[in-house]
Amino acid sequence: MATATTTRKRSTRKAEATPAAAPAAGNGRGSQGKARYLVVVESPTKARTLQAILGSDYAVIASLGHVRDLPTYGYGVEDIKTMDFRPKYVVVKDKRAGSDKAEVIRHIAEAAKRAERVFLSTDPDREGEAIAWHIKEAAGIPDEKVTRVVFHEITRPAIEAAFAEALGQKPVDSTHGRREPGKLDLHLVDAQQARRVLDRLIGYPLTWFVQKKVSRGASAGRVQSVALGLIVKREREIQAFRPVEYWTVHAQLAKAGRSFEAELVKFPGMAKGTKLRPEFGPAGPAIPDEATARSLQESFERSRFVVESVKPGTRKVSPAPPFTTSTFQQAAVNRLGMGTARAMSIAQELYEGVNGMPGLITYMRTDSVAVSPVAQGQARAYIAERWGREYVPEKARAYRTRARGAQEAHEAIRPTDPSLAPEQLKGRLNAEQLKVYDLIWRRFLASQMADAEYRTLTVEVAAREGESERGTFRASARTLVFEGHLKAYGAEADDEADGEAVVDALPDLREGEEVERQGIESKRHETTPPPRYTEASLVKALEELGIGRPSTYASIVQTVLKREYVRKEGRQLVPQELGFIVHDLLERHMRKYVDVPFTGEMEEELDEVAAGERQYDEVLRSFWPEFKAELDRAEAEAEKEQEETDILCEGCGQANLVVKWGRNGKFFGCPRYPECTFTLPMGPDGRPVRQSEATLIPYRCPKDGGELVKKTGRFGEYVECVNREQGGCDFRSGVPVGVPCPEEPETGQLVTKTSRRGTFYACWNYPNCSYTTNSLEPGKMAPPRPPEVREEANRKLLERSARGKAAFAKRRANAAARRAS
């Protein structure tokens with residue numbers, strides 16, 4: 001296969017007589033007509049922040065993300081049959097925003113012609129590199145005009161340094177080193193294209209497969225299906241889990257009136273291989289039942305207790321590294337109760353700049369824990385000033401990235417100015433932005449602080465009956481003597497999760513002295529099943545397994561939720577019936593391609609493409625033939641996932657109905673489809689809901705004045721005009737609730753609607769009337785809007801409805817054309 005790099009011209013950069021100068025200090029906003037240089041970034045916010053920094057010699061334009069992408073249908077490559085995997089790009093059309101990127105490309109191309117030099121300053125990762133290349137190619141910008149500028153924070157010093165590096169006017173910063181500063185890294189572009197095409201080559205065929213066998217609303221994907229598999233397999237572990245009973249024995253002891261508790265840690269006769277607390281091996285628990293616990297308790301109640309050893313010590317706890325994308329998302333979920341997608345969205349805002357401020361944090365899509373020496377020095381100085389010299393370690397802390405395939409050219413997520421404390425930003429950031437900034441700021445500063453220090457004490461007490469030793473009990477204490485990094489970030493919730501109880505202090509005990517026995521207690525426990533995944537623990541598992549990359553973690557979680565394969569219960573991710581069915585189908589027939597090893601290996605191969613060690617087409621060619629053969633076999637062997645019933649089809653009378661999955665859940669359908677199209681909706685009790693006879697209702701059709709009848713369909717009751725069947729009127733709506741529309745009282749009636757946010761009420765003249773209200777209670781109902789406001793809202797709604805209808809008609813036509821071919 002010809003790689004993506006062979007489809008573009010690798011022109012050598014021509015020497016320039018007068019190279020551009022790095023931006024000088026200044027914050028004027030230059031008009032595009034007078035600007036000498038053009039800078040292209042992705043987002044308008046980032047563009048505004050950069051414009052304020054660069055000054056009037058630079059015009060900054062936002063591309064609004066990708067300008068080209070694979071088409072939304074088909075494989076999106078030149079010829080799948082001959083394994084010509086060159087991508088077939090089309091200009092992106094944002095249907096929701098009603099924009100066409102062709103206009104953006106035209107605008108960039110015109111500005112590039114007027115500019116002396118074009119700086120492509122998209123994000124510093126593979127996605128950003130690909131966006132920059134697409135902009136260059138789509139706008140037809142000559143190689144000799146293009147300079148690639150990469151920065152990891154949007155502040156004046158970082159921007160000026162990045163431009164100087166790209167232009168060869170400053171030595172390259174080793175923290176953010178690129179192979180060829182100022183040039184597009186075509187290996188990174190190839191890696192992004194390979195990922196995009198690979199996801200299409202796997203995701204689309206698997207999606208078509210599960211749609212044929214399960215539901216038209218189902219989907220599958222290279223990473224999505226692995227994440228679903230982790231959640232489903234964990235749920236099955238929980239379902240199969242059988243609790244193991246075990247007992248612990250505790251002694252309430254005292255010296256000079258000060259009591260303390262000690263726990264039994266060993267006793268004579270403990271079976272080999274047994275343990276007193278989980279995790280238990282094959283030998284099981286040392287005290288498996290009440291009888292054993294009671295026997296031990298009785299012997300201890302006859303025993304005297306003598307201090308056997310007293311071991312004082314110290315324990316130092318080092319801080320955690322600064323955030324990567326994965327650890328940031330985990331902390332946002334665990335500490336802030338914030339979803340991964342929301343946390344990343346807020347981090348993006350902080351990176352790009354808020355309310356006229358420069359970027360407050362470094363780039364937030366990273367798997368590296370590296371920190372620049374400058375930032376380390378700034379942090380150490382601030383820590384010393386705020387908390388004292390004793391909180392600064394002797395040497396600056398450097399961390400080693402452990403994530404598989406980490407991109408060390410990136411930095412960890414950190415504040416761009418460590419001395420900018422969160423309290424200084426109150427009133428300038430909203431509540432969520434402040435919480436996220438505070439989290440990142442505290443984690444970074446803590447990562448550069450001294451160890452926390454504890455004074456520890458472990459005491460072992462022997463239970464002796466006469467000359468015989470009946471068991472050994474242990475008590476532990478830990479006292480914080482120096483906060484260190486805990487001053488900034490505090491302790492993690494799982495720091496103490498080691499089974500044994502630890503108290504702040506114990507009495508002054510000496511070896512050989514006897515202590516008072518106040519009581520003996522035995523306690524029953526059961527082992528607990530493994531916990532369900534949360535967004536945080538799933539992201540952690542994906543990173544540890546090498547599945548996905550920082551930019552994809554949040555979207556992976558959102559995809560399985562959106563497809564209703566998984567539901568959130570509190571923070572837990574609970575797989576639903578459809579999730580089990582889709583996972584089991586793929587596990588039976590395409591297991592290799594939705595399992596951890598394959599997906600992890602593909603990530604490593606993509607990393608090799610990014611490093612220039614593998615060719616784009618080599619990766620795809622080595623994968624496709626075997627995958628296609630397996631898919632064809634699965635298509636032939638897999639049966640449609642449907643449940644047989646004893647209900648005779650009322651449409652043809654030749655077969656019993658089966659339970660099928662549709663876009664809106666389960667329903668009953670004839671297995672002879674498409675010869676017989678009879679269906680029945682499924683009620684909440686799992687039984688078919690038969691349509692009732694159409695009944696006249698005391699309302700008139702708002703379109704032609706005809707009578708209205710109430711019917712029951714797959715989704716419940718509805719009303720329609722009696723002239724609809726003859727084609728004279730197309731009116732159909734929900735059942736009116738008996739309240740006229742305040743804005744169209746003569747012809748409009750309110751009907752119940754549902755959305756993700758809950759139930760609301762809208763006029764049945766939608767989309768000609770856009771009135772809605774959340775309540776029908778007097779005093780709480782939304783009042784009618786002024787005529788000019790209502791007319792403008794209705795106009796926009798009609799335009800959006802027309803676009804939607806046109807897009808739907810086009811999709812139907814395209815589908816018909818593909819079937820015909």
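Computed quantities for the displayed model
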| quantity | calculated |
| --- | --- |
| Pick from region 35-79, criterion assigned to a strand (DSSP E or B) and among the β-branched types (Val, Ile, Thr), ranking: farthest from Ala161 (Cα to Cα) | Val77 |
| Sole exception among (1) in contact with an Asp or Glu (Cβ under 6 Å, 6 or more places away or on another chain); (2) not in a helix (DSSP H, G or I) for Val189, by number | (2) |
| Qualifying position, being surrounded by 18 or more Cβ atoms within 10 Å (Cβ to Cβ) and assigned to a helix (DSSP H, G or I), among Leu264, Leu206 | Leu206 |
| Region 632-660 - residue that is within 18 Å of Lys213 (Cα to Cα), open to solvent by 40 Å² or more (accessible area, probe 1.4 Å) and modelled with pLDDT under 90 and, of those, nearest to the chain's Cα centre (by Cα) | Glu641 |
| Every residue from region 269-298 that is of a type in the set (A, V, I, L, M, F, W, C), buried (at least 17 other Cβ atoms within 10 Å of the Cβ) and not in a helix (DSSP H, G or I) | Leu276, Phe280, Ala286, Ile287 |
| Residue within region 444-453 that is out of contact with any Ser or Thr (no Cβ under 6 Å at 6 or more places or on another chain), surrounded by fewer than 15 Cβ atoms within 10 Å (Cβ to Cβ), more than 30 Å from Leu509 (Cα to Cα) and of a type in the set (Gly, Ala, Ser) present | no |
| Pair list, Cβ under 6 Å, 6 or more apart: region 63-76 residue closer than 22 Å to Arg812 by Cα, other residue aliphatic (A, V, I, L, M) and surrounded by 17 or more Cβ atoms within 10 Å (Cβ to Cβ) | Asp69/Val92; Gly76/Leu70 |
| Selection count, region 299-310, where residues are of a type in the set (Ser, Thr, Tyr) and either free of Cβ contacts under 8 Å to residues at least 40 places away in the same chain or part of a helix (DSSP H, G or I) (or both) | 1 |
| Matching residues, region 698-716, being at pLDDT below 85 and over 21 Å from Asn656 (Cα atoms) | Thr712, Phe715, Gly716 |
| Residue within region 779-787 that is in a helix (DSSP H, G or I), surrounded by fewer than 14 Cβ atoms within 10 Å (Cβ to Cβ) and free of Cβ contacts under 8 Å to residues at least 12 places away in the same chain present | yes |
| Residues within region 142-154 that are surrounded by 22 or more Cβ atoms within 10 Å (Cβ to Cβ) and assigned to a loop (DSSP other than H, G, I, E, B), tallied | 6 |
| Residue within region 422-434 that is more than 22 Å from the chain's Cα centre (by Cα), free of Cβ contacts under 8 Å to residues at least 24 places away in the same chain and open to solvent by less than 50 Å² (accessible area, probe 1.4 Å) present | yes |
| Cross-chain or 6+ apart pairs with Cβ under 8 Å, region 461-473 first and in contact (Cβ under 8 Å) with a residue 24 or more places away in the chain and open to solvent by less than 10 Å² (accessible area, probe 1.4 Å), then acidic (Asp, Glu) and in a strand (DSSP E or B) | Val461/Glu308; Ala462/Glu308; Ala462/Glu469; Ala463/Glu469; Thr472/Glu308; Thr472/Glu460; Phe473/Glu263; Phe473/Glu460 |
| Test set (1) polar (S, T, N, Q); (2) under 26 Å from Ile556 (Cα atoms); (3) open to solvent by 50 Å² or more (accessible area, probe 1.4 Å) - Asn355 fails condition number | (2) |
| Qualifying residue in region 94-103 (condition: open to solvent by less than 20 Å² (accessible area, probe 1.4 Å), under 31 Å from the mean Cα position of the chain (by Cα) and either at negative phi or not basic (Lys, Arg) (or both)) | yes |
| Condition check for Leu586: open to solvent by less than 40 Å² (accessible area, probe 1.4 Å), farther than 21 Å from Ile556 by Cβ and touching a residue at least 24 places away in the same chain (Cβ under 8 Å) | no |
| Residue in region 810-821 that is open to solvent by 100 Å² or more (accessible area, probe 1.4 Å), on the phi < 0 side of the Ramachandran plot and either in contact with a His (Cβ under 8 Å, 6 or more places away or on another chain) or touching a residue at least 12 places away in the same chain (Cβ under 8 Å) (or both) present | yes |
| Filter pass, Thr695 being surrounded by 14 or more Cβ atoms within 10 Å (Cβ to Cβ), at pLDDT below 90 and among the hydroxyl-bearing types (Ser, Thr, Tyr) | no |
| Where a residue in region 648-672 is among the hydroxyl-bearing types (Ser, Thr, Tyr) and its partner, wherever it lies, is in a strand (DSSP E or B), with Cβ under 7 Å and at least six apart | none |
| Leading residue by the ranking (modelled with the lowest pLDDT) among those in region 29-46 that are open to solvent by 10 Å² or more (accessible area, probe 1.4 Å) and under 27 Å from Ile346 (Cα atoms) | Arg29 |
| Qualifying residues in region 437-466 (those that are of a type in the set (Lys, Arg) and part of a strand (DSSP E or B)) - the one nearest to Ala320 (Cα to Cα) | Arg455 |
| Positions within region 232-258 being touching a helix residue (DSSP H, G or I) at 6+ places or on another chain (Cβ under 7 Å) and part of a helix (DSSP H, G or I), in sequence order | Val232 |
| Unique residue being of a type outside the set (Lys, Arg), out of contact with any strand residue (DSSP E or B) (no Cβ under 7 Å at 6 or more places or on another chain) and at pLDDT 95 or above when the list is Val515, Val436, Val459 | Val436 |
| Leading residue by the ranking (least open to solvent (accessible area, probe 1.4 Å)) among those in region 739-769 that are among the hydroxyl-bearing types (Ser, Thr, Tyr) and closer than 22 Å to Asp704 by Cβ | Thr747 |
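To keep it simple, each residue is scored yes or no on (1) aliphatic (A, V, I, L, M); (2) more than 30 Å from Glu544 (Cα to Cα).
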{"site": "Ala286", "(1), (2)": "yes, yes"}
{"site": "Arg294", "(1), (2)": "no, yes"}
{"site": "Glu308", "(1), (2)": "no, yes"}
{"site": "Arg315", "(1), (2)": "no, no"}
{"site": "Thr324", "(1), (2)": "no, no"}
{"site": "Ala343", "(1), (2)": "yes, no"}
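For every residue, the table says whether it meets (1) open to solvent by less than 40 Å² (accessible area, probe 1.4 Å); (2) within 27 Å of Met364 (Cβ to Cβ); (3) out of contact with any strand residue (DSSP E or B) (no Cβ under 6 Å at 6 or more places or on another chain); (4) at pLDDT below 95.
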{"position": "Gly546", "(1), (2), (3), (4)": "yes, yes, yes, yes"}
{"position": "Thr552", "(1), (2), (3), (4)": "yes, yes, yes, yes"}
{"position": "Glu564", "(1), (2), (3), (4)": "no, no, yes, yes"}
{"position": "Arg567", "(1), (2), (3), (4)": "no, no, no, yes"}
{"position": "Gly570", "(1), (2), (3), (4)": "no, yes, yes, yes"}
{"position": "Gln576", "(1), (2), (3), (4)": "no, no, no, yes"}
{"position": "Gly579", "(1), (2), (3), (4)": "yes, no, no, yes"}
{"position": "Val582", "(1), (2), (3), (4)": "yes, no, yes, yes"}
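The values are calculated or read from the model by the stated rules, or taken from the named source; none is laboratory data. Bear in mind that the values here come from a model prediction, so they are computed numbers and not experimental data. Glycine also receives a Cβ, built like all others from the backbone with ideal geometry; neighbour counts cover every protein chain displayed. Note: accessible area is taken over every heavy atom of the protein model, side chains too, but ligands, DNA and RNA are not part of it. Shrake-Rupley method; radii C 1.70, N 1.55, O 1.52, S 1.80 Å.
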